[in-house]
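All of the numbers you see were taken from the coordinates with simple rules; none came from a lab. Model, not experiment: these values are computed from the prediction. Don't worry about glycine lacking a Cβ; one is built from the backbone with ideal geometry, like all the others, and counts go over all protein chains shown.
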Amino acid sequence: MSDDGTTAEQFWDDRYSESERIWSGDPNTVLVRETADLPPGTALDLGAGEGADAVWLARRGWRVTAVDISRVALERGARHAADAGVADRVDWQHHDLAVSFPKGEFDLVSAHFLHSPREMPREEILRAAAAAVAPGGTLLIVGHAGPPPWEQQDHDHADGHGHHHDMHLPTPDEVLESLRLPQDKWEVLHSGEHERVQTAPDGSTITRTDNALKLRRLR
């Protein structure tokens, strides 16, 4: 529970309740780029939000376990899957990943922007994510390389209550080190930064930098 008395689940439910849709409804570009050539299997989507990634995977033949801390987001994701005709291919699960983690092994484990302004044991969660990858499977971790420009401005000129400025946003090398993986069992397929275009709250278009780490479990 935070200083204001709200739990992480309450925070994210409130965040998603601010409007009918928070995100674009499109899958993350790195997910599309890095998984388009993978044969469909079982996938775990951590921090699934409103379900765009899970639905995209399901439409390509994957059976997806989509996880989020917010029941509001999960309900939206389930509606998205039903509208896309893939409701039977996505299992929507409610988890606070600091407390519980989905069971099983998966051919793909995806964690996109698993950041939170509330305290969250991100490194431990990502180690659990790696442990959930089946032999021969893929782990894809995508994160922000820095706060969005509008939050930095708030931090510099106002009270600084942005989501990311006080949060450590690790590099791909730092993420890889924190996973503590045996080198003889894992192969690094991609590690680096990339730019993407995002719409700011005022409607303007900005370019920001994110990073990605893609690994394959060898055995």
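Side notes on the structure shown:
- Of the GluC sites (Glu not before Pro) found in the range 11-53, the ones in coil according to DSSP and having at most 10 other Cβ atoms within 10 Å of their Cβ are 18, 20.
- GNM flexibility winner over the chain from 12, 23, 186 (Cα, springs under 10 Å): 23
- Per DSSP, loop GluC sites (Glu not before Pro) in the range 58-151 with at most 16 further Cβ within 10 Å: 105, 119
- The range 1-60: relative contact order in percent, alpha carbon pairs under 8 Å with at least 6 residues between: 33 percent
- Sites listed here are trypsin sites (Lys or Arg not before Pro) in the range 74-126 whose DSSP assignment is loop and whose Cβ has at most 13 other Cβ atoms within 10 Å: 103.
- Of 113, 106, 11, the sequence from fewest to most neighbouring Cβ atoms within 10 angstrom is 113, 11, 106.
- Three principal axis extents describe the C-alpha atoms of the chain; from largest down they are 50, 39, 35 Å.
- Each label point was placed 7 Å from the Cα along the Cα-to-Cβ direction; for residue 105 and residue 38 their separation is 1.5 nm.
- Amide N proximity, the range 99-133 versus residue 174 label position 7 Å along Cα-to-Cβ, cut-off under 13 Å: 122-123
- Take every Cα pair under 8 Å whose residues are at least 6 apart in sequence, average their separation, divide by the length of the range 21-137, and the relative contact order is 25 percent.
- Bins of 10 Å from zero: percent of alpha-carbon pairs in the range 93-140: 26, 57, 16, 1
- Using just its DSSP H runs of length 4 or more, each adding -39500 (n - 2.57), the chain gives a mean residue ellipticity at 222 nm of -8500 deg cm²/dmol after division by all residues.
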